[in-house]
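What follows is a single structure, written as structure tokens, with notes after it.
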Amino acid sequence: MITRVRHIGIAVSDLDEAIKLYRNVLGLELEDNREIKEMKMRVALFSTGGETQIELIQPTDNETALAKFIEKRGEGIHHIALEVDDIESALDIVRKKGLFLVDEKPRIGVHGKKIAFIHPKSTRGVLLEFVMK
Ligand code: ZN
């Protein structure tokens, strides 16, 4: 059901400074860079030249879960997004196998695809995101 690691999500406190690192220092291609007001975050997406992207996310509001994550744990890897060929059935399968879902049903994510998060308390401490192919 999982077809690839779609992206690695990294929480940052200053997106512009983080973009400098990934674009200017590491030489990755910036594919997308925008604010998503309704999700209270800014997001930048980089191509790595391969099948996995790097997603930088910066909260624009101190009260969001993302802001609290940075406050508690500092900047760093926030989630791993796994691409699935059928998100409804993938959620069904992992739910039946005892994982806790953050999103009971898929919703539209920042890149316009159906996504759903799986709670880190059931995945050995890693927030997993399913992304529809
Ligand atoms: Zn993501």
(request) Give me the accessible area per residue for the chain, probe 1.4 Å, as a whole number in Å². (result) 57
(message) Give the lysines reachable from K114 as a straight Cα distance under 22 Å; neighbours fewer than 8 places away on the same chain don't count.
(response) K37, K40, K96, K97, K105, K133
(request) Kindly state, to the nearest 0.05, the FRET efficiency for I36 paired with K96, given R0 = 30 Å and r defined as their beta-carbon distance. (result) 0.40
(message) Nearest 500 deg cm²/dmol is fine: what mean residue ellipticity at 222 nm does the chain get from its DSSP H runs of n ≥ 4 alone, each adding -39,500 (n - 2.57), divided by its residue count?
(response) -5000 deg cm²/dmol
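What is the diffusion coefficient of segment 74-133 in µm²/s, taking the Kirkwood radius over Cα pairs and the Stokes-Einstein relation at 4 °C with a viscosity of 1.567 mPa s?
Working: Rh = 11.6 Å.
The diffusion coefficient I find is 112 µm²/s.
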(message) What are the equivalent ellipsoid semi-axes of the chain, built from the alpha-carbon gyration tensor (square roots of five times its eigenvalues), in whole angstrom, biggest first?
(response) 24, 17, 13
(message) Of the candidates E38, E63, E75, which one comes out as most mobile in a Gaussian network treatment of the chain with C-alpha springs shorter than 10 Å?
(response) E38
(message) Taking all protein chains in place and a 1.4 Å probe, what share, in percent, of the accessible surface of the chain do carbon and sulfur account for?
(response) 51
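Convex hull over the alpha-carbon atoms of segment 1-62: what's its volume per residue in Å³?
Details: hull volume 5.5 nm³, N = 62.
Taking the convex hull of the Cα positions in segment 1-62, it is 89 Å³ per residue.
The values are calculated or read from the model by the stated rules, or taken from the named source; none is laboratory data. Quick caveat, the model's predicted, so the values are computed rather than measured. Using ideal geometry, Cβ is built from the backbone for each residue, glycine included, and neighbour counts are taken over all protein chains shown. Side chains are part of the model used for accessible areas, which takes the heavy atoms of the whole protein and leaves out ligands, DNA and RNA. Shrake-Rupley method; radii C 1.70, N 1.55, O 1.52, S 1.80 Å.
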